[in-house]
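> One structure is given below, represented as structure tokens, and several questions about it will come after.
The values are calculated or read from the model by the stated rules, or taken from the named source; none is laboratory data. Owing to the predicted nature of the structure, the values given are computational and were not obtained by experimental measurement. Cβ placement follows ideal geometry from the backbone for every residue including glycine, while neighbour counts extend to all protein chains displayed.
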Amino acid sequence: MKLVSVIVPVYNVQLYLEKCLQSIVDQTYKQLEIIVVDDGSTDNSGKVADDFAKKNANIRVYHKINGGLSSARNYGIKHARGEFYVFIDSDDFVDSNFIKTMMEKRDGADLVISNYTKVDIKGNHLEQDKQIKKDGLWNRTEFWNRYYFEGLWITCEVSWNKLYSRKALENIEFPVSKLHEDEFVIGPIVDNCRSIKVVNDSLYYYVQRENSIMHTKYKGNLDLATALLERYEFFARDSKEKMIDIQEATLCAASNSLALGFFEKEDKAEYYSLKHRFDVFVQQQLNQKKSRRLFLQAQLCKYPRLYRSFYQLRH
């Protein structure tokens with residue numbers, strides 16, 4: 001039985017951490033090391049974690065100065081010894097068969113992705129994600145086609161509903177001090193994978209809190225635009241496959257975030273720097289393949305206020 005490292009970044013979640021850790025301890029797959037990274041919590045989260053570690057020999061707790069979610073994940077990876085990794089956010093919880101099912105259905109893939117269920121803080125079901133309709137084994141190109149053209153982007157990009165091989169996370173470092181940190185790393189992670197397995201079981205419970213990052217609308221658009229432009233550059237320069245249509249879809253997505261990001265900060269220097277990169281990449285892309293859609297998106301991106309009006313009408 002192969003060792004799986006479960007990495008749990010923790011910051012001020014004393015009300016939720018016990019349920020999270022208990023769901024991991026109760027896993028039917030027992031060959032686990034549970035790495036809890038207390039990222040400078042100012043509540044009793046660290047004590048909750050320490051109490052669990054006293055009762056469970058496979059739990060290791062690390063206390064560090066606050067550096068953010070990405071910093072805590074990177075710290076956990078550095079201290080992991082397993083052949084496979086799982087990230088579980090400390091206010092979420094998992095089905096008792098989460099890791100067992102992912103390992104059994106892996107089919108030799110370097111990345112396994114499950115559906116998830118969105119719940120409120122009391123555990124009441126709000127929405128069941130069923131973007132993955134059936135189990136499947138995908139190559140890298142199929143992953144990106146499904147991601148962009150079948151609307152699987154949330155299921156596929158977040159870090160927490162997945163099982164990773166050590167190879168998948170080779171040379172991967174989550175970006176510190178950025179929102180949308182998962183968007184920055186999903187490209188290189190997929191490129192590290194020989195294949196990707198998707199399973200239609202809903203095994204992860206994402207707890208939606210009013211003050212959670214994912215529940216906050218219209219924030220981090222410049223970070224997201226940065227991540228998407230880096231992804232385009234990665235596709236164009238480093239990816240093992242050349243995917244012209246997927247590069248185009250990436251730039252179209254970046255145009256949305258860039259236009260909305262215009263309104264995030266009074267200092268527009270970051271926006272104009274990103275806009276320049278975007279314009280260069282659009283021209284490169286149009287030189288490879290003419291696209292009316294990308295051309296129109298790029299034109300609309302020149303008028304952020306007009307774009308925001310269209311966006312608000314659609315949403």
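> Can you name every residue in the range 136-195 that is of a type in the set (A, V, I, L, M) and over 19 Å from Pro9 (Cα atoms)? Talk me through it step by step, then tell me what you get.
Filtering the range 136-195 for residues of a type in the set (A, V, I, L, M) gives 137, 152, 154, 158, 163, 168-169, 172, 176, 179, 185-186, 189-190.
Listed by number, the residues that qualify are Leu137, Leu152, Ile154, Ala168, Ile189, Val190.
> Could I ask something else about it? For the range 225-244, give me the residue count where each residue is in contact with a helix residue (DSSP H, G or I) (Cβ under 8 Å, 6 or more places away or on another chain) and part of a helix (DSSP H, G or I).
13
> Return yes or no: is Asp39 among the charged types (D, E, K, R) and without any contact (Cβ under 8 Å) to a residue 60 or more places away in the chain?
yes
> Among Gly67, Gly82, Gly76, which is among the small types (Gly, Ala, Ser) and crowded, with 21+ Cβ neighbours inside 10 Å?
The conditions single out Gly76.
> All but one of (1) without any contact (Cβ under 8 Å) to a residue 24 or more places away in the chain; (2) within 15 Å of Leu169 (Cα to Cα); (3) not acidic (Asp, Glu) hold for Lys54; which doesn't?
Against the list (1) without any contact (Cβ under 8 Å) to a residue 24 or more places away in the chain; (2) within 15 Å of Leu169 (Cα to Cα); (3) not acidic (Asp, Glu), Lys54 comes up short only on (2).
> Something else: Does Gln14 meet the test of being over 25 Å from Arg166 (Cβ atoms), polar (S, T, N, Q) and without any contact (Cβ under 8 Å) to a residue 40 or more places away in the chain? Reasoning before the result, please.
On the way: over 25 Å from Arg166 (Cβ atoms): yes; polar (S, T, N, Q): yes; without any contact (Cβ under 8 Å) to a residue 40 or more places away in the chain: yes.
Criteria met by Gln14.
> Please indicate, with yes or no, whether at least one residue in the range 192-207 is closer than 19 Å to Asp223 by Cβ and not assigned by TED's automatic domain parsing to the domain that holds Ile246. Can you show your working first?
Within the range 192-207, the first condition is being closer than 19 Å to Asp223 by Cβ, and the residues that meet it are none.
There is no residue in the range 192-207 that is closer than 19 Å to Asp223 by Cβ and not assigned by TED's automatic domain parsing to the domain that holds Ile246.
> Residue by residue through the range 230-247, note down the ones that are buried (at least 16 other Cβ atoms within 10 Å of the Cβ) and over 21 Å from the mean Cα position of the chain (by Cα).
Matches in the range 230-247: Ala236, Met243.
> I need every pair where a residue in the range 248-264 that is under 26 Å from Lys289 (Cα atoms) has its Cβ under 9 Å from the Cβ of a residue that is among the acidic types (Asp, Glu), sequence separation at least 6 or different chains.
As it stands, the answer is Ser257/Asp223, since those pairs meet every condition given.
> Might you let me know whether the range 271-283 holds any residue that is at pLDDT below 90 and more than 22 Å from Phe143 (Cβ to Cβ)?
Here is the first cut: in the range 271-283, the residues at pLDDT below 90 are none.
Scanning the range 271-283, I find no residue that is at pLDDT below 90 and more than 22 Å from Phe143 (Cβ to Cβ), so the answer is no.
> Kindly indicate whether Asp43 is surrounded by fewer than 17 Cβ atoms within 10 Å (Cβ to Cβ) and in a helix (DSSP H, G or I). Spell out how you get there, then give the answer.
Values: surrounded by fewer than 17 Cβ atoms within 10 Å (Cβ to Cβ): yes; in a helix (DSSP H, G or I): no.
For Asp43, the condition - surrounded by fewer than 17 Cβ atoms within 10 Å (Cβ to Cβ) and in a helix (DSSP H, G or I) - is not met.
> Follow-up. Using the structure shown, decide if Lys268 is surrounded by fewer than 18 Cβ atoms within 10 Å (Cβ to Cβ), over 21 Å from the mean Cα position of the chain (by Cα) and not acidic (Asp, Glu).
On the way: surrounded by fewer than 18 Cβ atoms within 10 Å (Cβ to Cβ): yes; over 21 Å from the mean Cα position of the chain (by Cα): yes; not acidic (Asp, Glu): yes.
Yes.
> Now, a different point. If Ile34 satisfies every condition in (1) part of a helix (DSSP H, G or I); (2) crowded, with 18+ Cβ neighbours inside 10 Å; (3) of a type in the set (A, V, I, L, M) but one, which is the exception?
(1)
> Listed residues Trp160, Trp144, Trp138; which is outside the structural domain of Arg231 (by TED's automatic domain parsing) and surrounded by fewer than 20 Cβ atoms within 10 Å (Cβ to Cβ)?
Details: Trp144 fails: surrounded by fewer than 20 Cβ atoms within 10 Å (Cβ to Cβ); Trp138 fails: surrounded by fewer than 20 Cβ atoms within 10 Å (Cβ to Cβ).
Unique residue meeting the criteria: Trp160.
> Looking at the structure I just gave you, is Val8 at pLDDT 95 or above, in a loop (DSSP other than H, G, I, E, B) and within 22 Å of the chain's Cα centre (by Cα)?
Working: at pLDDT 95 or above: yes; in a loop (DSSP other than H, G, I, E, B): no; within 22 Å of the chain's Cα centre (by Cα): yes.
Criteria not met by Val8.
> Please enumerate the residues belonging to the range 25-75 that are in contact with a Gly (Cβ under 7 Å, 6 or more places away or on another chain) and of a type in the set (Val, Ile, Thr). Talk me through it step by step, then tell me what you get.
Filtering the range 25-75 for residues in contact with a Gly (Cβ under 7 Å, 6 or more places away or on another chain) gives 33, 35, 37-39, 63-66.
Result: Ile35, Val37, Ile65.
> So, one more: Could you tell me which numbered condition Ile34 fails, if it satisfies all but one of (1) without any contact (Cβ under 8 Å) to a residue 60 or more places away in the chain; (2) in contact with a Phe, Trp or Tyr (Cβ under 8 Å, 6 or more places away or on another chain); (3) under 25 Å from Ile113 (Cα atoms)?
The number of the failed condition is (2).
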